[in-house]
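The values are calculated or read from the model by the stated rules, or taken from the named source; none is laboratory data. Being a predicted model, the structure only gives us computed values, none of them experimental. Note that each Cβ is placed from the backbone with ideal geometry, even for glycine, and that neighbours are counted across all protein chains shown.
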Amino acid sequence: MNVSNGIEVVTTDAQGAYELPERQAQVIFVIKPAGYQFALDSNNLAKNYYIHKPEGTPADFKYKGTAPTGPIPAQVNFGLRSQPESNDFRVLVFGDPQPYTLEEIAHFSNGVVAEVTGVKNVAFGLSLGDLVGDNLSLHGPYIQAVKKVGLPWYNVIGNHDMNYDAKDDLLSDETFEANFGPANYAFNYGNAHFIILDDIIYPDPRDGKGYWGGLREDQLQFIANDLKTVPKDKLIVLAFHIPLFNGQGIAFRTEDRARLFGLLKEYPNTLSMSAHTHLQRQNFYGKEDGWLQEKPHHEYNAGTTSGDWYSGELNEQGVPASTMRDGTPKGYAFLNIKGNQYSIDYKVAGKSDNYQIGLSIPKVVEKDRNSSAGIYANFFMGAKGDKVEYSIDGGEWKPMEYMEAADPAYLDVLHKFDHTERLLNGKRPSHAELSTHLWWVKAPFKLAKGKHDVKVRATDRYGKTYEQQGSYTILD
């Protein structure tokens with residue numbers, strides 16, 4: 001098996017012995033081989049690391065990190081046990097739980113965790129950063145909430161999980177590392193190799209304030225050294241918080257992305273997963289973006305378990321509806337892996353598995369009078385190029401037109417908050433963003449008076465087809 005200090009990656013001998021150069025401050029960890037499982041602590045977190053920080057976390061940090069560890073032991077040993085692992089498995093994926101208060105921890109627990117507690121046929125869980133919202137003392141309550149799911153759980157650091165006291169990016173992960181272990185690590189499961197990364201540069205070197213999406217030199221060295229040990233036919237799954245694209249308020253250092261893509265150029269089976277935006281997007285990177293293969297690289301920018309930061313009225317679960325600004329309802333995802341191929345399912349919290357399309361249909365349309373009234377379909381996991389069709393009263397299926405616009409159903413929610421004459425139970429959602437998975441067609445008006453049924457079906461990039469239905473009425 002392989003062991004790393006976050007830069008070098010070495011392979012143990014037949015007796016499990018290894019040597020790594022000692023560094024002033026480092027986290028030493030095992031890269032789990034397929035067919036084995038780390039020892040887990042009582043919170044289902046992997047005990048796969050040893051923190052070596054002789055001087056500990058800077059004493060003036062607001063949130064506690066690691067106490068001084070003293071000299072490194074002569075041996076640092078790790079426990080693993082063998083376990084059966086299929087090459088076909090599922091991973092439960094959370095984007096941005098991001099509670100700012102204990103009340104929001106309860107919303108996360110009751111609105112999402114309760115729904116997946118005891119979930120079957122899932123290998124492990126993964127949270128894609130912003131585990132909490134700036135208050136790092138909530139890491140503990142977050143851990144206790146996720147523990148209830150009952151799965152081994154891995155975590156990505158987000159920009160709201162950092163130590164803002166840090167004057168150097170190397171120190172911005174101190175509390176995260178104390179609570180979860182290394183912020184950059186890797187492991188194998190089945191025929192897939194997972195690489196977890198902290199892709200937040202803080203403070204931003206451009207102005208010393210805020211943060212910037214990117215990777216340090218030591219991280220790129222770790223990825224390069226790690227991939228040297230990974231066969232080219234493996235599925236490489238990268239998980240980080242900030243997406244790799246630039247736009248919609250997101251900024252990622254392009255030279256770091258280019259170097260990352262260079263390291264992946266000989267791996268034909270890859271996937272990236274990110275969160276951060278509180279939207280849901282399918283991002284594809286081609287040669288114009290620095291990707292060095294013919295087939296574009298897919299990044300799933302996941303919808304979030306906090307949705308639009310716990311906004312909106314209370315739903316049937318007694319928690320904020322929190323629909324995201326692009327009209328995607330809050331929820332979570334399942335990454336399905338078969339060999340070195342994958343597909344992704346999105347599950348709307350509190351709804352059935354087949355609820356994948358949100359419809360906005362006018363209530364009434366005037367007979368034989370042309371208007372701008374339209375039928376809108378928000379295909380939550382969709383992307384430009386997907387096939388979305390509609391049918392009226394069981395007639396032929398016709399194509400809908402892709403558009404990037406605000407979801408009318410989301411605007412309805414904003415208007416309800418803005419036009420109400422009484423206070424609603426919940427906070428107003430954020431302003432709408434352009435949805436990248438919206439289709440529309442002009443509502444047919446040359447129909448007989450009365451009610452008309454509408455069906456919409458969508459086919460995703462994996463060949464899965466979903467349907468949703470509604471109706472409208474033609475009046476004189």
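Numerical summary
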| read-out | value |
| --- | --- |
| Filter pass, Ala25 being closer than 28 Å to Leu171 by Cβ and surrounded by fewer than 15 Cβ atoms within 10 Å (Cβ to Cβ) | no |
| In the range 6-42, the residues that are of a type in the set (S, T, N, Q) and closer than 23 Å to Gln221 by Cα | Thr11, Thr12, Gln24, Gln26 |
| Any pair with Cβ under 8 angstrom, 6 or more apart, that starts in the range 333-347 at a residue that is at positive phi and ends at one that is crowded, with 20+ Cβ neighbours inside 10 Å and outside any strand (DSSP E or B) | Gly339/Asn191 |
| Odd one out for Asn48, checked against (1) modelled with pLDDT of 95 or more; (2) surrounded by 19 or more Cβ atoms within 10 Å (Cβ to Cβ); (3) over 18 Å from Gly70 (Cα atoms) | (1) |
| Residue list for the range 73-82, restricted to those being surrounded by 11 or more Cβ atoms within 10 Å (Cβ to Cβ) and in a strand (DSSP E or B) | Leu80 |
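Yes/no matrix, rows are residues, columns are (1) of a type in the set (Lys, Arg); (2) surrounded by 14 or more Cβ atoms within 10 Å (Cβ to Cβ); (3) not in a loop (DSSP other than H, G, I, E, B):
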residue: Pro205; (1), (2), (3): no, no, no
residue: Lys209; (1), (2), (3): yes, no, no
residue: Leu215; (1), (2), (3): no, yes, no
residue: Gln219; (1), (2), (3): no, yes, yes
residue: Ala224; (1), (2), (3): no, yes, yes
residue: Arg259; (1), (2), (3): yes, yes, yes
residue: Tyr267; (1), (2), (3): no, yes, no
residue: Leu271; (1), (2), (3): no, yes, yes
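Yes or no, residue by residue, for (1) more than 22 Å from Ile344 (Cβ to Cβ); (2) at pLDDT below 95; (3) in contact with a helix residue (DSSP H, G or I) (Cβ under 6 Å, 6 or more places away or on another chain):
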position	(1), (2), (3)
Asn378	no, no, no
Ser391	yes, no, no
His431	yes, no, no
Asp453	yes, no, no
Asp460	no, yes, no
Glu467	no, no, no
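Condition check ((1) under 25 Å from Phe94 (Cα atoms); (2) surrounded by 20 or more Cβ atoms within 10 Å (Cβ to Cβ)) across all residues:
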residue	(1), (2)
Leu279	yes, yes
Asp289	no, no
Asn315	yes, no
Asp326	yes, yes
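Residues checked against (1) part of a loop (DSSP other than H, G, I, E, B); (2) touching a residue at least 60 places away in the same chain (Cβ under 8 Å):
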residue: Ile7; (1), (2): yes, yes
residue: Asp13; (1), (2): yes, no
residue: Ala17; (1), (2): yes, no
residue: Pro54; (1), (2): yes, no
residue: Asp60; (1), (2): yes, yes
residue: Pro68; (1), (2): yes, no
residue: Pro71; (1), (2): yes, no
residue: Pro84; (1), (2): yes, no
residue: Arg90; (1), (2): no, yes
